[in-house]
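Below is one structure, written out as structure tokens; comments come after it.
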């Protein structure tokens, strides 16, 4: 238990100490809120969609968590390149413990990042229906974080260096985000886009956050929780397996 | 009893054999130098001895425990200083030590005292709260030695521990290590490219090439055997003059990139 705690704490310390990274990672969400939120707001309103910023805000929160989480997982490559992974792998600790400690730490960091963006969305005029469901929204944020940290860990376990990083961002993380219903409602979409959004786990996470904060679920609360739990469990399983095979 | 007992160890990567039918014994309390040109199989052997890699065939016993079936016991029994730094740069010296203590399950009551003792031993106690990224290469090495010793290992593995250190730091480091060997009877297994270090410090020297031991004995034995006047000459007589090339790993390339970027 204290091993999990220390590995979790390590991730948090690293996060708190890298102020440049914290501030840097807020740039993209702010840009999305300004450019899309204000840019598409009037069109969205005219089309009868209501307040676009309040629709968009949960999507941007989800985006911040997605990027932070995948990055936390990928950081294993960093640990490998700079040697700290060796220190962990020769210690009398099981790989599963290392993977869990790291993943929980990374997920906590990503959730905090999501909460910071959540705070920022109010500056742009995000209207929350009721704060009664805030704990539910945070639960969804944490599930998104856990799911994608595990995915990042799984990917990092298969890569030797950061060369493939750009590939993952452009061909996995970006599509996961843009096709998730973070930016547009999932009603009345062309069949292809609808199918992709339905298999994109981030769709359920963002739907959950959006539902908890604005009251409008697309898939429904039960479906969101269920899908996220199952996919998270699967990714943690795959991540643990791949991490257990890592050789230095 | 033997600290390290390697029997017919072989490790192949695809069609390449990094280690071929390697056997040797290191008795408890011995300082054992493992020398060889680049690519001779030294690092692969250390990785197998320290459970980071599994052997293709053959057996390894560390303090009588199998490196394959009793990994946890083996891991508890040794400390290691790797060839490349393996500290967390974003943590302080103390935090690096503490994390290590937790990973090795050193009880909290003992842990704090032991961390202080070890950090004083390598003269880093005054700088315990500084982030490791601000440390020089020599300080990092000392911290790694302190960390490797924190859990009272019976064996200390050192993979080119003095690479890139100035003569003062090197001399200091070997003083610590020899003292540990004398006081606690700790077995020391090290690799180095500095022949005079091995000649001065090691009780037994094994020279490896192409994945197998080609000569073993004290520095004096090896010199007598080859009819040479120094270990360096003996080493060259045994392994030849040809320069060995190692493929650059992606880590080397990345380090190089970082250096280039850092200069801009």
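The values are calculated or read from the model by the stated rules, or taken from the named source; none is laboratory data. Everything numeric here is computed off the predicted structure, so don't read it as measured data. Positions of Cβ are generated from backbone atoms using ideal geometry, with glycine treated the same way; all protein chains shown enter the neighbour counts.
If you check residue A:144 against the conditions, is it at pLDDT 95 or above, over 10 Å from residue A:61 (Cβ atoms) and crowded, with 16+ Cβ neighbours inside 10 Å?
Details: at pLDDT 95 or above: yes; over 10 Å from residue A:61 (Cβ atoms): no; crowded, with 16+ Cβ neighbours inside 10 Å: yes.
No.
Quick one: would you say residue A:105 is within 14 Å of chain B (Cβ to nearest Cβ), surrounded by 23 or more Cβ atoms within 10 Å (Cβ to Cβ) and at pLDDT 95 or above? If you could, list the steps in order and put the result at the bottom.
On the way: within 14 Å of chain B (Cβ to nearest Cβ): yes; surrounded by 23 or more Cβ atoms within 10 Å (Cβ to Cβ): yes; at pLDDT 95 or above: yes.
Yes, satisfied.
Please find, among A:73, A:48, the residue that is at pLDDT below 90, away from every other protein chain (no Cβ under 14 Å) and either at positive phi or outside any helix (DSSP H, G or I) (or both).
On the way: A:73 fails: either at positive phi or outside any helix (DSSP H, G or I) (or both).
None of the other options fit; the residue is A:48.
Are there helices (runs of 4 or more DSSP H) fully within segment B:133-226 with at least 2 residues that are touching a residue at least 24 places away in the same chain (Cβ under 8 Å) and surrounded by 19 or more Cβ atoms within 10 Å (Cβ to Cβ)? List them.
Values: elements: B:137-149, B:167-184, B:195-201, B:219-226.
The helices (runs of 4 or more DSSP H) meeting that bar are B:137-149, B:167-184, B:195-201.
With respect to the numbered conditions (1) buried (at least 20 other Cβ atoms within 10 Å of the Cβ); (2) more than 19 Å from the chain's Cα centre (by Cα), which one is the sole condition not fulfilled by residue B:50?
Of everything listed in (1) buried (at least 20 other Cβ atoms within 10 Å of the Cβ); (2) more than 19 Å from the chain's Cα centre (by Cα), residue B:50 misses just condition (2).
When residues of segment A:1-45 are filtered for being out of contact with any strand residue (DSSP E or B) (no Cβ under 8 Å at 6 or more places or on another chain) and within 14 Å of another protein chain (Cβ to nearest Cβ), how many remain? Before the answer, list the steps.
Looking only at segment A:1-45, we keep the residues that are out of contact with any strand residue (DSSP E or B) (no Cβ under 8 Å at 6 or more places or on another chain), and these are A:1-16, A:18-45.
Imposing the further condition that a residue be within 14 Å of another protein chain (Cβ to nearest Cβ) reduces the set to A:1-16, A:18-22.
Selection size over segment A:1-45: 21.
Is there a residue in segment A:7-19 that is without any contact (Cβ under 8 Å) to a residue 24 or more places away in the chain and over 17 Å from residue A:111 (Cβ atoms)?
Checked segment A:7-19: at least one residue is without any contact (Cβ under 8 Å) to a residue 24 or more places away in the chain and over 17 Å from residue A:111 (Cβ atoms).
Determine which single condition residue B:53 fails, assuming it passes every other condition in (1) touching a strand residue (DSSP E or B) at 6+ places or on another chain (Cβ under 8 Å); (2) away from every other protein chain (no Cβ under 13 Å).
Every listed condition holds for residue B:53 apart from (2).
Quickly run through segment A:76-87 and pick out the residues that are in contact (Cβ under 8 Å) with a residue 60 or more places away in the chain and either facing chain B (nearest Cβ under 9 Å) or over 18 Å from residue A:241 (Cα atoms) (or both). Before you say what the answer is, go through the steps one by one.
Narrowing segment A:76-87 to residues in contact (Cβ under 8 Å) with a residue 60 or more places away in the chain: A:76-78, A:80-81, A:85-86.
Hits for segment A:76-87 are A:78, A:80, A:81, A:85, A:86.
Consider segment B:96-130. How many of its residues are within 14 Å of chain A (Cβ to nearest Cβ), surrounded by fewer than 16 Cβ atoms within 10 Å (Cβ to Cβ) and not in a helix (DSSP H, G or I)?
Of the residues in segment B:96-130, 4 are within 14 Å of chain A (Cβ to nearest Cβ), surrounded by fewer than 16 Cβ atoms within 10 Å (Cβ to Cβ) and not in a helix (DSSP H, G or I).
Looking at A:126, A:118, which is the one that is in a helix (DSSP H, G or I) and either on the phi < 0 side of the Ramachandran plot or more than 14 Å from every other protein chain (Cβ to nearest Cβ) (or both)? Can you show your working first?
Working: A:126 fails: in a helix (DSSP H, G or I).
None of the others qualify; the one that does is A:118.
Just checking, which of B:41, B:58 is more than 9 Å from every other protein chain (Cβ to nearest Cβ), on the phi > 0 side of the Ramachandran plot and free of Cβ contacts under 8 Å to residues at least 60 places away in the same chain? First the steps, then the outcome.
Working: B:41 fails: free of Cβ contacts under 8 Å to residues at least 60 places away in the same chain.
Among B:41, B:58, only B:58 is more than 9 Å from every other protein chain (Cβ to nearest Cβ), on the phi > 0 side of the Ramachandran plot and free of Cβ contacts under 8 Å to residues at least 60 places away in the same chain.
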